[in-house]
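The structure under discussion appears below in the form of structure tokens.
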Amino acid sequence: MLDKIDKFEQNAEDARYYAEQLKDICEAAKTFNIRESLSGDGEETSYDIVFQLQKDFKLYVDLWTTIDLYRTSEQRWRYNAFNKLDPEELEETVDNSNRILGRVVGLCR
């Protein structure tokens, strides 16, 4: 896991890409179900596994996008002029990161 942290930007980019792909697939599945119900040809196809995959993948997306945001922000906080820092943005980023990562850790247990 620690070797993957160094690749946080790529991991976050990949997570965002695949989350978008899953979103599109889920929207297509909903559209298919609507069309099936309108045609009246019988039962709708179950795409529960696709919706579950999207839900499960959210944990991964939250992990890597939060690490990406925090690490990118941290560089700004460390190396930009102190008087240029936005304390509300800093506090919000830290609080949201702690909340999201706490939830991720709790779900992984």
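Descriptive notes on the structure:
- Qualifying residue in segment 52-61 (condition: out of contact with any Ser or Thr (no Cβ under 8 Å at 6 or more places or on another chain), modelled with pLDDT of 90 or more and more than 27 Å from N33 (Cα to Cα)): yes
- Some residue of segment 8-20 being modelled with pLDDT under 90 and hydrophobic (A, V, I, L, M, F, W, C): yes
- Residue, farthest from L69 (Cα to Cα), within segment 84-103, restricted to residues that are of a type in the set (S, T, N, Q) and in contact with a helix residue (DSSP H, G or I) (Cβ under 8 Å, 6 or more places away or on another chain): N96
- Looking at segment 6-109, none of the helices (runs of 4 or more DSSP H) lying wholly inside it contains 3 or more residues that are aliphatic (A, V, I, L, M), touching a residue at least 60 places away in the same chain (Cβ under 8 Å) and surrounded by 12 or more Cβ atoms within 10 Å (Cβ to Cβ).
- Some residue of segment 92-105 being closer than 27 Å to Q21 by Cα, modelled with pLDDT under 90 and hydrophobic (A, V, I, L, M, F, W, C): yes
The values are calculated or read from the model by the stated rules, or taken from the named source; none is laboratory data. It should be emphasised that the depicted structure is a prediction, and the values quoted were computed from it without experimental measurement. Note that each Cβ is placed from the backbone with ideal geometry, even for glycine, and that neighbours are counted across all protein chains shown.
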